[in-house]
Amino acid sequence: MEPGKRESWRTTTLLAYQSLGVVYGDLSISPLYVYKSTFADDITHSDTNEEILGVLSFVFWTLTLIPLIKYVSIVLRADDNGEGGTFALYSLICRHANVSLLPNRQVADEELSTYRLERPPQAAGGSRLKEWLERYRSLKTALLVMVMIGTCMVIGDGVLTPAISVFSAVSGLELSLSKNQHEYAVIPITCAILLFLFALQHYGTHRVGFIFAPIILAWLICMSVLGMYNIFRWNTQVYQALNPIYMLKFLKKTKKSGWMSLGGILLCMTGSEAMFADLGHFSYSSIQLAFTSLVYPSLILGYMGQAAYLTQHHDFDSSYQIGFYVSVPEIVRWPVLVLAILASVVGSQAIISGTFSIINQSQSLSCFPRVKVVHTSEKIHGQIYIPEINWLLMILCIAVTVGFRDTKHMGNASGLAVITVMLVTTCLMSLVMVLCWNRPPALALAFLVFFGSIEALYFSASLMKFLEGAWVPILLALILIAVMFVWHHTTIKKYEYDLNNKVTMEWLLALSDKLGMVRVPGIGLVYTDLTSGVPANFSRFVTNLPAFHRVLVFVCVKSVQVPRVLPAERYLVGRVGPPGHRSYRCIVRYGYRDVHQDVDSFETELVESLATFIRLDALFRSSDAAGAGNDVDYDPLRERRGSLENALTVVGSNPLRRRISYEYDDSHSHDGASSLEIRVESPTVSGGTIELAAAPRPVKKRVRFLVEEESPDVEDKKMLEELHELCEARESGTAFIMGHSHVKAKPGSSLIRRLAIGYGYNFLRRNCRGPDVVLRVPPASLLEVGMVYVL
């Protein structure tokens, strides 16, 4: 749902209904295991009922304070152009303060339509917190590491939540089978369901997604009915436990064991983060409506119903632990069991999809090794499948299930992952309040202290269960953080190496005059991370092979700190050298949720963008030569720049209005850049037609554009000649020139640095997808240039 658009109540209601299956599956099935995890070891259910009423009081106020007040009322408002999640908060902070460690940031990125600021830069400049964060690189690194921790815990949750959800649902068999039977049945059935669940990921959720919402809706209604039945059947006074005094009585009686049992209580919040992470698929009002009108009341009724039953039942067989199914009447136990298993599968699907999404975002921001991303739906944006991650999650999930074999250890592990993500969100949210919303620092501090103290209490209780299962998310997080940090750090160092070793423009211009240097037909796309200058891999290429293409394009595919980039603003095109050299620079910008194009559409759009740029450039040069133009807004700063050789033009699908932003070789400087509006009238159809045909393929694709052939203007003749050369080059074929890198640590580097760069990064690079696979470069057209980076 696009931000800023008001939606009708019918649309809101429909989106609220659809969000049940995508957003609330994980949160809705938490009653299956909360009480069972809480009473697993630390506390016992006594005849006084102080324990069960205290736990109910904790559950009620936890659901009220964290999901309802923190997320629904506050955090959901911190959307990034309608997108939510950890990276959305980080993206917002990076746009309002220069705290991003990504090196290829440009002034032109701030002109994007989706580069929305919550307040004007003049107001942001006065923030002491902003200046403090921008001044120290260590604080920028600490902020990125905190985001990485949250990301790693979300991935850990993708391992643990399916295991505990499906296991808890299947464990209802213990009340219908003998002890020997259910011990040998629960684990195999759970593993079989998990195997089936992960095997279906390849087909995408859109094929069965239409049944997700009805399943969760039926589950919530079932839980509400069972809750009301148990309340009226066993204890109508159970509502008194909503009084917070029962929490104090609980802690007073249970002391340390009660505090440690909070690690089980916090599982009632499992899935709250999904409300924010999946905000981009729905809208704030629809998610708010679904939670407040259905999910929240159903959860409260479900927990109250279980507590009402338990207040009248204290003598349990040792093989039947306190759990959800003991409060289900025997006559409906089997239907409820089947519905619970279906609901657990839906809830697990939501967290698996969220794991794929956040890994894709991490990869876009150079914080995760390159992996293959498959888009499972052409109509629904954001539904992706990552094969390597899917099978890794499946192996780990089954290993956790087989290794732990009980809800207690799984709950301890899952609880720590859940509460860590919430703590990271609270910290980032406090920064958003100050930097983006321009709220007083005291208000942000109050938010941090209030919600942070509650979550820190739960975090400390979970951390005490380290030896009882909580070590699993910590171990996973340490491994993932090491991988992400090594990849991100080395990527930045490689960029700095390229920046320091790029060749001069004079060297490029002198190439054509060298004896033996040949310009061969075709288009050469030289891929580089640099947004300015000539990369060293190109100089290495022409040194070993003294030839390069007649049309040379330096292509930089970069990610910007926005969720999506509009197609009309995706390409930044400019010249490298004078027009006669036929060398260009094209910067292709993607948001962290954008879908990369296939190579055919990319080639076509790239050539269209070059053709449009050539026409715009000719129009500007002719009007500039005349001194003024009817269709061009004159820029007085143009006189100080001298030429357009370093200018970059935003080229999109609509040529009627373009924006030109000047970018010099010193792309990090914000002082030497300004913008210029150009209005281009539609061309008349009095000229000929130039066809840009792709290289011979089974299906021949053509790109058409019109030019005026008869014009006395010299610039128009030069433009026509340049367009003809572009047409001929496209017909001759396109070659993709990419660097094949090997990284070595500098002599004298520390042992950790040598291990991280020399072994860790190179191992990841060899065993993960190459840039040619990620960018979908056809192998037959690929030329790789070996590069050794000494970092």
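Residue under question is HIS375, and the condition is that it be open to solvent by 40 Å² or more (accessible area, probe 1.4 Å), touching a residue at least 12 places away in the same chain (Cβ under 8 Å) and touching a strand residue (DSSP E or B) at 6+ places or on another chain (Cβ under 6 Å); does it hold?
On the way: open to solvent by 40 Å² or more (accessible area, probe 1.4 Å): yes; touching a residue at least 12 places away in the same chain (Cβ under 8 Å): yes; touching a strand residue (DSSP E or B) at 6+ places or on another chain (Cβ under 6 Å): yes.
Taking the combined requirement at face value, the residue satisfies it.
For LYS502, the criteria (1) touching a residue at least 12 places away in the same chain (Cβ under 8 Å); (2) open to solvent by less than 50 Å² (accessible area, probe 1.4 Å) hold in every case but one, which is (2). Taking first residues from the stretch 464-476 that are at positive phi and partners that are open to solvent by 20 Å² or more (accessible area, probe 1.4 Å), the Cβ contacts under 8 Å between residues at least 6 apart in sequence or on separate chains come to GLY469/PHE404; GLY469/LYS408; GLY469/HIS409.
May I ask you to verify whether VAL518 is surrounded by fewer than 16 Cβ atoms within 10 Å (Cβ to Cβ) and farther than 30 Å from TYR590 by Cβ?
Judged against the criteria, VAL518 is a match.
Within the stretch 730-771, being open to solvent by less than 40 Å² (accessible area, probe 1.4 Å) and either free of Cβ contacts under 8 Å to residues at least 40 places away in the same chain or farther than 23 Å from HIS488 by Cβ (or both) holds for ARG730, GLY733, THR734, ALA735, PHE736, ILE737, SER749, GLY758, ASN762.
Looking across the stretch 205-216, just one residue is at pLDDT 90 or above and surrounded by fewer than 18 Cβ atoms within 10 Å (Cβ to Cβ), and that is PRO214. Just so you know, in the stretch 83-111 the residues that are assigned to a loop (DSSP other than H, G, I, E, B) and open to solvent by 10 Å² or more (accessible area, probe 1.4 Å) include one that is nearest to ALA277 (Cα to Cα), and it is SER100. Name the single residue that is modelled with the highest pLDDT among those in the stretch 566-624 being open to solvent by 10 Å² or more (accessible area, probe 1.4 Å), farther than 26 Å from ILE384 by Cβ and not in a helix (DSSP H, G or I). Residue satisfying both the conditions and the ranking: ARG585. Looking only at residues of the stretch 521-533 that are of a type in the set (Gly, Ala, Ser) and either in contact with a Phe, Trp or Tyr (Cβ under 8 Å, 6 or more places away or on another chain) or outside any strand (DSSP E or B) (or both), we find that the one that is surrounded by the fewest Cβ atoms within 10 Å (Cβ to Cβ) is GLY533.
Report yes if some residue within the stretch 55-78 is farther than 23 Å from SER453 by Cβ and outside any loop (DSSP other than H, G, I, E, B); otherwise report no.
First pass over the stretch 55-78, keeping only residues farther than 23 Å from SER453 by Cβ: none.
Looking for residues that are farther than 23 Å from SER453 by Cβ and outside any loop (DSSP other than H, G, I, E, B), one finds none in the stretch 55-78, hence no.
Look at the stretch 423-449: where a residue is within 15 Å of CYS94 (Cβ to Cβ) and a partner is open to solvent by 40 Å² or more (accessible area, probe 1.4 Å) and assigned to a helix (DSSP H, G or I), sitting 6+ places away or on another chain with Cβ atoms under 6 Å, you get VAL434/LEU129; VAL434/PRO441.
Tell me whether the stretch 192-203 contains one or more residues that are among the polar types (S, T, N, Q), under 29 Å from ILE52 (Cα atoms), open to solvent by less than 30 Å² (accessible area, probe 1.4 Å) and at pLDDT below 90. Checking the stretch 192-203: not a single residue is among the polar types (S, T, N, Q), under 29 Å from ILE52 (Cα atoms), open to solvent by less than 30 Å² (accessible area, probe 1.4 Å) and at pLDDT below 90.
Could you tell me whether ILE419 is within 28 Å of ARG77 (Cα to Cα) and modelled with pLDDT of 90 or more? The answer is yes for ILE419.
Considering the stretch 548-565, and only residues there that are basic (Lys, Arg) and within 26 Å of CYS94 (Cα to Cα), the residue that is least open to solvent (accessible area, probe 1.4 Å) turns out to be LYS558.
Taken together, VAL72, VAL59 contain a single residue that is surrounded by fewer than 24 Cβ atoms within 10 Å (Cβ to Cβ) and β-branched (Val, Ile, Thr), which is VAL72. Note on the stretch 448-486: among residues that are open to solvent by less than 50 Å² (accessible area, probe 1.4 Å) and among the charged types (D, E, K, R), the one that is nearest to ALA399 (Cα to Cα) is LYS465. The one condition from (1) at pLDDT below 85; (2) farther than 30 Å from VAL486 by Cβ that VAL373 does not meet is (2). How about the stretch 467-506: which of its residues are part of a loop (DSSP other than H, G, I, E, B) and either aromatic (Phe, Trp, Tyr) or touching a helix residue (DSSP H, G or I) at 6+ places or on another chain (Cβ under 8 Å) (or both)? Selection gives GLY469, ALA470, ASN501, LYS502. Candidates ALA780, ALA729, ALA735: the one that is of a type outside the set (Lys, Arg), in a strand (DSSP E or B) and at negative phi is ALA735. Among the listed residues LEU435, LEU509, LEU445, which satisfies the condition of being buried (at least 21 other Cβ atoms within 10 Å of the Cβ) and either in contact with a helix residue (DSSP H, G or I) (Cβ under 9 Å, 6 or more places away or on another chain) or more than 16 Å from ILE265 (Cβ to Cβ) (or both)? Every option except LEU435 fails the conditions. For beta carbons closer than 6 Å, sequence separation of 6+ or different chains, a first residue in the stretch 22-41 that is on the phi > 0 side of the Ramachandran plot and at pLDDT below 85 and a second that is aliphatic (A, V, I, L, M) and not in a loop (DSSP other than H, G, I, E, B), there are no qualifying pairs.
The single condition among (1) modelled with pLDDT of 80 or more; (2) surrounded by 12 or more Cβ atoms within 10 Å (Cβ to Cβ) that SER138 does not meet is (2). In the set (1) at pLDDT 75 or above; (2) out of contact with any helix residue (DSSP H, G or I) (no Cβ under 7 Å at 6 or more places or on another chain); (3) not in a helix (DSSP H, G or I), the condition left unmet by GLU131 is number (3). Scanning the stretch 713-729 for residues being free of Cβ contacts under 8 Å to residues at least 12 places away in the same chain and among the basic types (Lys, Arg) gives a total of 1. Of all residues in the stretch 45-53, one or more are of a type in the set (Ser, Thr, Tyr) and either outside any helix (DSSP H, G or I) or at pLDDT 90 or above (or both).
The values are calculated or read from the model by the stated rules, or taken from the named source; none is laboratory data. Model, not experiment: these values are computed from the prediction. With ideal geometry, Cβ positions are generated from the backbone for all residues, glycine too; neighbour counts draw on all protein chains shown. Just so you know, the surface numbers come from the protein's heavy atoms only, side chains and all, with ligands and any DNA or RNA stripped out. Shrake-Rupley method; radii C 1.70, N 1.55, O 1.52, S 1.80 Å.
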